[in-house]
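Here is the structure we will look at.
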Amino acid sequence: MSSKDVLKFVSAPLLALWASNAVAQMPNPYGLPISLENAKKVAGPAVAEARRNNWTMAVAIVDTAGDLIYYEKMDGTQAASANIALDKARSAARFKRPTKALQDVLAAGGEGWRMLGLEGAVPVE
């Protein structure tokens with residue numbers, strides 16, 4: 001067997017192993033991609049519900065990577081809500097679960113979590 005044949009013999013299985021391992025480690029996207037038009041449609045009912053209940057709030061809609069697609073802040077919304085809305089949306093996309101699931105883990109003692117914090121927030125142990 002020539003050195004070229006040995007290289008082919010060894011590298012092909014290693015390449016296959018690497019490729020299968022890379023695919024196995026790639027996360028599934030959280031939800032489907034969303035267009036700007038659809039993001040506005042999703043935000044509409046949330047803003048309407050807030051107005052019906054006299055709530056002031058900020059709405060942030062992100063893509064599957066957590067990048068901002070649409071943002072709306074109602075008049076009179078507290079300043080902190082602007083960042084919180086975006087941080088919650090990003091956290092949901094990047095952790096691939098609703099932020100309520102993260103809150104539940106922390107409320108139960110945070111088993112396995114050293115710290116979860118949002119920029120400008122007090123770290124939670």
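If you check Leu68 against the conditions, is it closer than 22 Å to Phe95 by Cβ and either of a type in the set (A, V, I, L, M) or at pLDDT below 95 (or both)? Criteria met by Leu68. Counted as qualifying within segment 36-118 are the helices (runs of 4 or more DSSP H) with 2 or more residues that are polar (S, T, N, Q), namely 79-95, 99-107.
Gly31 passes every criterion in (1) surrounded by 11 or more Cβ atoms within 10 Å (Cβ to Cβ); (2) of a type in the set (Gly, Ala, Ser); (3) part of a loop (DSSP other than H, G, I, E, B); (4) modelled with pLDDT of 85 or more apart from (4).
The values are calculated or read from the model by the stated rules, or taken from the named source; none is laboratory data. It should be emphasised that the depicted structure is a prediction, and the values quoted were computed from it without experimental measurement. Every residue, glycine among them, receives a Cβ derived from its backbone with ideal geometry; neighbour counts consider all protein chains shown.
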